[in-house]
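Heads up, the thing below is written out as structure tokens.
Nothing in this text is a laboratory measurement; each read-out follows from the coordinates by a stated rule. Please read these numbers as outputs of a predicted model, since none were measured by experiment. Methodologically, a virtual Cβ is constructed for each residue, glycine included, from the backbone with ideal geometry; neighbour enumeration extends over all protein chains shown.
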Amino acid sequence: MDNLDYCDHLFDDSTDGYIQLIKLCDGSDLKIYNTQYKALRTIVEEVEGQEDIYISSNTYYKPKRSTSYIRQFRALYIDIDLKNYGKNEAVYEIYDLVNENKIPTPSMIVDSGRGIHVYWRIKNAPYGAMWTWQELEDYLYNQLKNLGADIQATDGARVLRLPNTINSRVNRECKVLTINDNIEYSMYDLRDEYLNYKSKQYQLEIHQAKEINKKRQCVISNLFNSYTLHLARVQDMETLCELRRYDVKGYRNFILHCYAYWKGIYTRDVLELEKEVIEFNNAFKNPLKVSEVKAILRCIPKAIDKFISYEQGVRSGQVKRVSKGMRNAGGYWYKNETLINRLDMTLNEQRYMKTIISKEEKYRRNNLKRNKARRNEKGMTTRQQQKAKKVQEVKELYNKGLTSLEIAAEMNITKRYVNKIIADF
């Protein structure tokens with residue numbers, strides 16, 4: 001049956017975490033099932049033929065559907081609302097894009113009743129792969145938006161209709177149109193092929209360092225891009241509020257504006273984003289009114305649309321990446337200096353930040369890294385190591401019965417220095 005084939009396609013014994021199913025009841029009531037893989041088939045068979053059943057393609061480490069709680073990414077997907085195309089025509093258009101090498105071959109296509117859901121099964125990846133997943137999702141959305149791709153269905157916590165259930169809006173059954181269990185992609189292979197990434201050597205930004213003890217060492221710096229930057233900015237804003245014990249009066253509007261935009265890069269469902277931002281606002285000692293929060297949120301979807309268009313334009317080579325000031329880039333691009341000034345961030349607060357730091361804090365961190373690199377496992381600098389080695393050599397020669405003069409001649413150091421070392425031990 002379609003529903004079980006669907007589940008077997010996306011989930012298997014490697015599935016870890018909770019899978020969520022949602023049943024829309026009368027009005028706004030919901031019935032939520034949070035289950036693990038072993039019990040999934042039982043629930044799927046139980047809801048077969050019922051109206052408005054949705055299922056998550058990715059799993060969560062808590063029984064709560066949120067991008068913050070994702071355990072495994074198991075599929076990429078696009079929800080297409082067919083307004084200007086018939087279903088057969090849309091499927092043909094999709095395979096035309098495949099033949100043009102603009103998108104990978106879908107592993108599954110589902111008739112959702114009044115549209116289609118397109119899936120690309122992937123080798124399961126952890127939460128840390130979120131930015132790669134989101135970049136690929138945005139790429140697929142950008143390629144399929146002319147067919148009617150829904151931007152609100154492009155976040156990792158999206159639920160889509162389960163086959164063999166009824167879409168009550170049009171009174172039609174959802175069913176699997178095509179499925180190929182032989183297709184499974186690696187997100188990193190897809191990234192290399194479709195996102196115009198450089199080779200893995202350059203992705204890791206590996207630079208050769210100085211030769212130390214005739215062994216060539218490497219310094220590997222983190223790979224940052226627009227997606228990882230926004231994710232880190234969210235964490236920085238949460239950290240700042242924690243440091244201030246959520247006493248942020250005078251900064252609330254700007255904090256929520258930034259938080260909503262950065263969070264919205266990964267939470268595309270407008271209602272879900274609103275819920276998360278209101279929850280964050282409610283943690284403040286003096287929260288804004290809900291109406292004020294909603295006013296801040298009004299401009300966010302449009303800004304995210306611009307962000308996606310800009311990023312995908314860069315990926316395709318149609319847009320040149322802007323760096324200085326980012327004024328012409330899509331979305332909101334605040335420089336660290338602007339954020340620090342508008343939030344009155346102290347140097348002490350910056351020590352806890354990942355990305356929002358001043359030049360002074362950057363230099364401090366670089367100096368710490370350099371000092372750490374100079375020291376061995378025992379915390380000794382190169383000079384201290386050389387001195388310790390000499391002391392040990394003097395001790396060994398002295399224990400063999402050599403005089404101070406003989407040790408000095410053997411080691412090519414002064415007799416006075418030898419006597420000082422001997423006196424110390």
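Quick notes on this one:
- Simple Cβ-charge dipole of segment 77-135, Lys/Arg +1 and Asp/Glu -1, about Cα centre, in debye nearest 20: 200
- Taking other C-beta atoms within 10 angstrom as a stand-in for reagent exposure, Lys415, Lys372 fall in the order Lys372, Lys415, fewest first.
- Per-selection Kirkwood Rh - segment 2-193 (Cα, Å, 1 d.p.): 16.7
- Largest first and in whole Å, the equivalent-ellipsoid semi-axes of segment 153-195 read 29, 15, 8, each the square root of five times a Cα gyration tensor eigenvalue.
- Pairs exceeding a 18 Å alpha-carbon distance, out of Lys263/Lys306; Lys263/Lys285; Lys263/Lys294; Lys387/Lys420; Lys395/Lys420; Lys64/Lys285: Lys263/Lys285; Lys64/Lys285.
- Shape of segment 226-371, Cα gyration tensor, a/c cut at 1.5: oblate
- Cα gyration tensor, segment 228-278 - rounded (a/c under 1.5), prolate or oblate: oblate
- Theoretical FRET efficiency, 1/(1+(r/R0)^6), r = Cβ-Cβ of Ala423 and Lys335, R0 41 Å, to 0.05: 0.10
- Helix 130-144 axis, angle to the chain major axis (alpha carbon atoms, nearest 10°): 40
- Neighbour-count ranking [beta-carbon atoms within 10 angstrom, fewest first] of Phe254, Phe284, Phe73, Phe425: Phe425, Phe254, Phe284, Phe73
- Amide H to amide H distances under 5 Å link Gly113 with Lys175, where only residues 5 or more positions off or on other chains count and H is placed in the peptide plane.
- Value of [θ]222 nm, deg cm²/dmol, for the chain, DSSP H segments ≥ 4, -39500 (n - 2.57) each, nearest 500: -14000 deg cm²/dmol
- Note on segment 5-91: with charges restricted to the Cβ of Lys and Arg (+1) and Asp and Glu (-1), its dipole about the Cα centre is near 480 debye.
- Reach of Lys389 by Cα under 20 Å, taken over aspartates and glutamates that are not fewer than 8 positions away in the same chain: Glu377, Glu406, Glu410, Asp424
- Amide H contacts under 5 Å for Gly330: Tyr310, restricted to partners 5 or more places along the chain or on a different chain, H placed in the peptide plane at 1.01 Å from N.
- Ranking of Ile116, Ile32 by neighbouring Cβ atoms within 10 Å, starting from the fewest: Ile32, Ile116.
- Here the label points at Arg365 and Leu347, each 7 Å from Cα along the C-beta direction, are separated by 1.6 nm in the simple model.
- Relative contact order, percent, segment 10-141 [alpha-carbon distance under 8 Å, six or more residues apart]: 23
- Share antiparallel - DSSP beta bridges, the chain, percent rounded to 5: 95
- Modelled spin labels at Asn180 and Leu24, positioned 7 Å past Cα toward Cβ, are 3.1 nm from each other.
- Selected from Gln386, Gln143, Gln312 as most flexible by GNM, with the chain as the system and alpha-carbon contacts under 10 Å: Gln386
- Sites counted here are GluC sites (Glu not before Pro) in a DSSP loop (not H, G, I, E or B) having no more than 13 other Cβ atoms within 10 Å; the longest part of the chain that contains none of them is 206-376.
- Anisotropy class of segment 382-424 from Cα gyration tensor, a/c 1.5 cut: prolate
- Dipole-positive endmost among Ser404, Gly156, Leu177 within the chain (Cβ charges, Cα centre): Ser404
- Dipole magnitude for the chain: about 3440 debye, using +1 per Lys or Arg Cβ and -1 per Asp or Glu Cβ, origin at the Cα centre.
- Vicinal HN-Hα couplings computed from phi for segment 6-22 (Karplus, 6.51 cos²θ - 1.76 cosθ + 1.60; Hz; Gly/Pro x): 4, 5, 5, 6, 8, 10, 8, 5, 7, 5, 10, x, 8, 9, 10, 10, 10
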